[in-house]
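Since every read-out is calculated from the coordinates, none of them should be taken as a lab result. The structure presented is a predicted model; accordingly, all values stated were derived computationally and were not measured. Note that we place each Cβ from the backbone using ideal geometry, even for glycine, and neighbour counts take in every protein chain shown.
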Amino acid sequence: MGRWLTPHIQECMLNPPAAIHHFTKAEVRRLLEIAAGLNHNLAKAERSQSLSGLAAEREQKPKSLQDATSAGYFIRISHCSPKDADGGNLQPVNNMREALVKLVSSKRTVQALLSLFYRLSQDTKSPDNQLYFFPYYAHLDRLSEWRCYVNEGHIVAISQSRFYQPNHVGITDEMLGRLASQARHLWSRIAPDLNFKSCILDVYAEVLDPEFEVKLIEINPWGAHSGSGSLLFHWLDDAEILDPQQHDSTTMIRLVEAGEAKALTRDEAFQIGRGGIIEDELRCLRERGLEWVLEDDRHAEFMALPVPDGQSGLTTRKDGLEMFRKGLDGEVTGVRSRNHPRFLKLKRAYEASR
């Protein structure tokens, strides 16, 4: 977020940040030292005296944060939010201490802080050292969030974000057309401030309201390798839609239609999508002729494949913290990087099926 959130883009956002704190390398290091002893435990973090002391040192906040609303603030660092600290449904905070508790309790943000620490060891002017405080508005409709796929400057697809249930009963083609048109207009406004042409726009639009307006929530990285969810699309199976050879100015929109089928809860949808993930991933590898990545004699070749913006060595979150404990200013010693546990499960499933 720190790489693209200009004052002009803030004007296009649903909720621009009320306050921004810039982490120093010393602060990041201290947070990681605290996180290393907590094992992502929220209850322990809330009782941590070290964390309270660190927060107290940073209580000289902008007035906008001192005058906190009764609803509080959503927080995120430049790379991601700590939503996993609250089981995927991030809850608001009211002060710096509560914000730091979230950061050290989240596997996502601890991993991002590790990457930031190593970048700051090489360049003290990293553009991704921000902690953002966004005003929390309880009245917003969480079902009115959409994901727009921008490929080479063209919005090629849009998916509803809550992809496991019908959220827009009664929506018309005219409303969908207006959604696409406004999304394109939003992109035309913010694109001049960006140094990339492919990305994911998360936007807010109450499409059933005749006067709705598309507003930017955040921008996420493009591509299957980035970790950005494809929702009702598939990065590989829908490559002709998401990454076309030629652009014809059309936008594919997918949403769940209302019907007699039972609306799924988030947990039910998660189980359907993840319950047999090892078998599904093995099938996908075979269908694409990529099962060679699981062969012992080609493991080094696989691990040497470049990953955009990837950091070598940190293969698991647990190993990353262990490397930090034993390292000094980014110099890692004494810890062997290992394959991710899910990769090992996939490898065992492959070997058992041969």
> For segment 7-135, what's the radius of gyration and Dmax over Cα atoms, in angstrom?
Replying inline: 14.0, 41
>> Given a Förster distance of 51 Å, report the FRET efficiency between PHE212 and ARG58 from their Cβ-Cβ distance, rounded to the nearest 0.05.
In response: 0.85
> Could you give the distance between the Cα centres of segment 269-292 and segment 88-111, to the whole Å?
Replying inline: 32
>> Using Cβ contacts closer than 10 Å as the measure, can you line up SER78, SER115 from fewest to most?
In response: SER115, SER78
>> At a 10 angstrom cut-off on C-beta neighbours, averaged per residue, how do the peptides 6-19, 238-251 rank from highest to lowest?
In response: 6-19, 238-251
> List the trypsin sites (Lys or Arg not before Pro) in segment 102-171 that DSSP assigns to loop (not H, G, I, E or B) and whose Cβ has at most 15 other Cβ atoms within 10 Å. Which are they?
Replying inline: LYS125
>> What are the ³J(HN,Hα) couplings of segment 272-284, residue after residue, when phi is run through the Karplus curve with 6.51, -1.76, 1.60 and θ = phi - 60°? Round to Hz, x for glycine and proline.
In response: 4, x, 10, x, x, 5, 5, 5, 5, 5, 5, 4, 4
> Quick one: in segment 137-190, what % of C-alpha pairs are over 17 Å apart?
Replying inline: 45
>> So if each residue of separation counts as 0.36 nm, and I subtract the Cα-Cα distance between PHE196 and ASN89, what length gain in nm does that give?
In response: 35.6 nm
>> For segment 217-299, which trypsin sites (Lys or Arg not before Pro) pass both filters: DSSP loop (anything but H, G, I, E, B) and at most 10 other C-beta atoms within 10 Å?
In response: LYS262, ARG288
>> Between ALA258 and ASP128, what is the label-point separation in nm under the 7 Å Cα-to-beta-carbon projection?
In response: 4.2
> Once Lys and Arg get +1 and Asp and Glu get -1 on their Cβ, which of ASN15, ASN39, THR124 lies farthest toward the positive end of the dipole of segment 7-135?
Replying inline: ASN39
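Could you give the C-alpha radius of gyration of segment 173-275 expressed as a fraction of 2.2 N^0.38 Å, taking N as the number of residues it contains?
1.22
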>> Using the basic label-point model (7 angstrom from Cα toward the beta carbon), what is the ARG3 to ASP267 distance in nanometres?
In response: 3.7
> Under the definition of Cα pairs under 8 Å and six or more residues apart, what whole-number percent is the relative contact order of the chain?
Replying inline: 18
>> If the elastic network links every pair of Cα atoms under 10 Å, which of ILE171, ILE20, ILE217 fluctuates the most in the Gaussian network model of the chain?
In response: ILE171
>> Can I get the semi-axes of the chain's equivalent ellipsoid? Compute them from the C-alpha gyration tensor as square roots of 5 times the eigenvalues, in angstrom, largest first.
In response: 32, 30, 20
> In nm, what is the difference between 0.36 nm times the number of residues separating ARG189 and HIS340 and their Cα-Cα distance?
Replying inline: 50.3 nm
> In nm, to one decimal, how far is the modelled label at ASN220 from the one at GLN10, with both set 7 Å along Cα→Cβ?
Replying inline: 2.5
> Under a GNM of the chain (C-alpha, springs under 10 Å), which listed residue has the highest mean-square fluctuation: CYS148, CYS284, CYS199?
Replying inline: CYS284
